[in-house]
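The structure under discussion is supplied below as structure tokens; questions concerning it will follow.
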Amino acid sequence: MSRSLVVYVKGMSCRHCKAAVEKAVGAVPGVREVRVDLPSGEVRVRVADAGLAARVAEAIGGAGYEVVSWREE
């Protein structure tokens, strides 16, 4: 069963930012899908289990962006 996370990210402003976040998050084991919406700063992630939220946040931080908050859906 997969779960969805909505992560709010600060600092994304262009297609390069979008690609960097998608690549970083997509490399986290257990991530099934990543969608970035630049205007809202929202990153939607389908994951294998809820325990991946912290790893997703770490990947985004490692790519140089700030995670403001996240929630599960």
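The values are calculated or read from the model by the stated rules, or taken from the named source; none is laboratory data. Since the structure is predicted, the reported quantities are computational estimates derived from the model, not experimental observations. Every residue, glycine as well, gets a Cβ built from its backbone with ideal geometry; the counts of neighbours run over all protein chains shown. Please note that ligands, DNA and RNA were not included when accessible areas were found on the heavy atoms of the full protein model with its side chains. Shrake-Rupley method; radii C 1.70, N 1.55, O 1.52, S 1.80 Å.
Please count how many residues of the range 19-37 are open to solvent by 40 Å² or more (accessible area, probe 1.4 Å) and either within 9 Å of the chain's Cα centre (by Cα) or more than 22 Å from Ser2 (Cβ to Cβ) (or both).
Qualifying residue count for the region: 4.
Let me ask something else about it. If the requirement is being open to solvent by less than 70 Å² (accessible area, probe 1.4 Å) and modelled with pLDDT under 95, which of these qualifies: Ser69, Ser40, Ser2?
Ser2
Report, ordered by the first and then the second residue, all pairs with beta carbons closer than 7 Å, sequence separation of six or more or different chains, a first member in the range 1-24 that is within 17 Å of Arg46 (Cα to Cα), and a second member that is hydroxyl-bearing (Ser, Thr, Tyr).
Pairs that qualify, where the first residue is within 17 Å of Arg46 (Cα to Cα) and the partner is hydroxyl-bearing (Ser, Thr, Tyr), are Tyr8/Ser69; Val9/Tyr65; Val21/Tyr65.
Something else about it: Kindly provide the set of residues from the range 23-49 that are touching a strand residue (DSSP E or B) at 6+ places or on another chain (Cβ under 7 Å), assigned to a loop (DSSP other than H, G, I, E, B) and under 18 Å from Ser13 (Cα atoms), ordered by number.
Gly41
Right, another one. I'm told Leu52 meets every condition in (1) modelled with pLDDT of 95 or more; (2) surrounded by 14 or more Cβ atoms within 10 Å (Cβ to Cβ); (3) not in a loop (DSSP other than H, G, I, E, B) except one. Can you identify the failing condition by its number?
It is condition (1) that Leu52 fails.
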